[in-house]
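Inspection log for the structure reproduced underneath, given as structure tokens.
Since every read-out is calculated from the coordinates, none of them should be taken as a lab result. Not measured: the values here are computed from a predicted model. Quick reminder, even Gly has a Cβ in these numbers, built from the backbone with ideal geometry, and neighbours come from all protein chains shown.
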Amino acid sequence: MLTLGLGSTGEVQLVGSLDAAQAGAAQSYLDGLHGAVTLDCSQLDYISSAGLGVLLKTHKRLLAGSGKLRLVAVNSHLRDIFKYSGFDQIFEIAAAQA
Amino acid sequence: MLSPLIPPIGLLPVLLFLLALVYFDSYKLTKLSSVVGALVAGGMVAGISFFANGALMKLLHLDLHRDAYWVAPVVEESLKAAVMVFLFRSHRIGFLVDGAIMGFAVGAGFAVVENFYYLLNTPGANMAVWVVRGFGTAFMHGAVTATFAVLLLVISETREGQSPLAFLPGLLVAVGIHALFNHFFVSPIVTTAVTLLVLPIMLYEVFIRSEKRLGRWLGTGFDADAEMLGLLNSGGLSNSPLGQYLHTLQGRFKGPIVADILCYVRLHTELALRAKGLLLMRENGFEVAVDDATRAKFLELQYLAKSIGATGLMAIQPVLHTSRKDLWQLYMLDEQL
């Protein structure tokens, strides 16, 4: 299950698992966003290749409009996936906000 | 006198079609330098075929027509197939799309050299002949080698694919189409038109099926690699089935070798994840360079493979993904360095 919503500082909070079953709903939500978008991943406990595809598509669309996708508070396992797959070369992955 | 239109008609269409194939491959499975290499290999095969056909004509006392009908298709398709079997066995082709592109490139290289030879030696041939050679014969050469490659890859995924003779059905089909084309049962122009009509449909189907298969493999493989990485990093490896399996190896291998086996599993998983990440990014239009750290991992993987030895590598096959596609992805990644 995945829940997406706006946090108090305007970041998008991802709560749950971004897998193939949730990819469509996540894509629809993210398609409505523009500019520089920050994803708070502190409560994202799983992401599959389908979820990564959603992030890539969204990032590409935002870049075309001079925006970007920024990921914050990514847990160590997800950070490993981003690092070893090379996605860290595309996404800005920031440390968790205090 | 040779019309200035004839050399481009004889040589360019097949090369432009090949470029279009490379462009439409959304995962960019083939590097342009590899495609150029395949073109050159095809050209060399054309040279070898020229002498082999000549020798066989003398040996079998055949005239040019009989040679074209039967001997040339067998000689030429066997030699082009040999190039494709080499690419297949060395994991340089993994999916139907790159197989079709590299096959078409070998055939195109063959056709370009053959047509260049005819340009030099039959300057009196009229425009219709060159339309047939440039759009018909050249495309046929590309298409039959692409067909051979596709059938080789399809058969390799079946139980019969393990046989050393798995290439034979593809070769028979390639020789059959080539011989049929050379017979010109209908007029050469009609044969050319049919080739131009059928070829794009066939390749479109290959591209669609291949991209679906690749997408499925990429999705499940990426998730499996990520899960394996999570397990390796979790600190709970020894309680997992993988950890228990590695534990059983302690009785068969010395301690340092078991440590190298664990390192090998980890590096192999990291590199597999990197390769699939690269393909996922390409699918979405991102092209990123492969870094020095990945280069260092490849060197380390080679060292570990030597240290573990063939027996050790066989012992870890049950826990690693070592299908042909999995080995191909590492070759593909290595090629980017």
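Distance from the C-alpha centroid of the stretch B:77-105 to that of the stretch B:209-267: 30 Å, rounded to the whole angstrom.
Would you mind telling me the antiparallel percentage of the DSSP bridges in the protein assembly as shown, rounded to 5?
Looking only at bridges with both residues in the protein assembly as shown, the antiparallel portion is about 25 percent.
Each Lys and Arg adds +1 at its Cβ and each Asp and Glu adds -1 at its Cβ; summed about the Cα centre, the stretch B:1-119 shows a dipole of about 280 debye.
Ignore the peptide's own chain and count Cβ atoms of other chains within 10 Å of each Cβ in B:273-282; give me the average, rounded.
If you average over the peptide's residues, the count of other-chain Cβ atoms is 5.
Using the average count of surrounding beta-carbon atoms within 10 Å as a protection proxy, the listed peptides B:253-263, B:115-125 rank, highest first, as B:253-263, B:115-125. Inter-chain neighbour count for A:39-48: the average number of beta-carbon atoms from partner chains within 10 Å of each residue's beta-carbon is 1. Taking the DSSP beta bridges with both ends in the stretch A:3-50, the antiparallel portion is around 40 percent. Dipole orientation for the stretch B:190-250: of the candidates B:S234, B:L203, B:A193, B:A193 has the Cα lying most toward the positive pole (charges on Cβ; Lys, Arg +1; Asp, Glu -1).
Using Cα atoms only, what is the angle between the long axis of helix B:324-336 and the major principal axis of chain B, expressed in degrees (0 to 90) to the nearest 10? Tilt of helix B:324-336: around 80 degrees. The aspartates and glutamates whose alpha-carbon is closer than 13 Å to the alpha-carbon of A:K57, local same-chain residues fewer than 8 away aside, are A:D31, B:E283. Based on alpha-carbon centroids, what's the gap between the stretch B:106-162 and the stretch B:5-41 in Å, whole number please? Here the two parts' Cα centres lie 12 Å apart. Helix B:72-89 and the long axis of chain B differ in direction by around 20°, with both axes built from C-alpha atoms. Rounded to the nearest 10 degrees, the inclination of helix B:255-283 to the longest alpha-carbon principal axis of chain B is 50 degrees. The sum of -39500 (n - 2.57) across all DSSP H runs of n ≥ 4, divided by the residue count of chain B, sets its helix-only mean residue ellipticity at 222 nm to -26000 deg cm²/dmol. Taking chain B as the region of interest, the number of lysine pairs whose Cα atoms are within less than 21 Å, with members eight or more places apart or on different chains, is 14.
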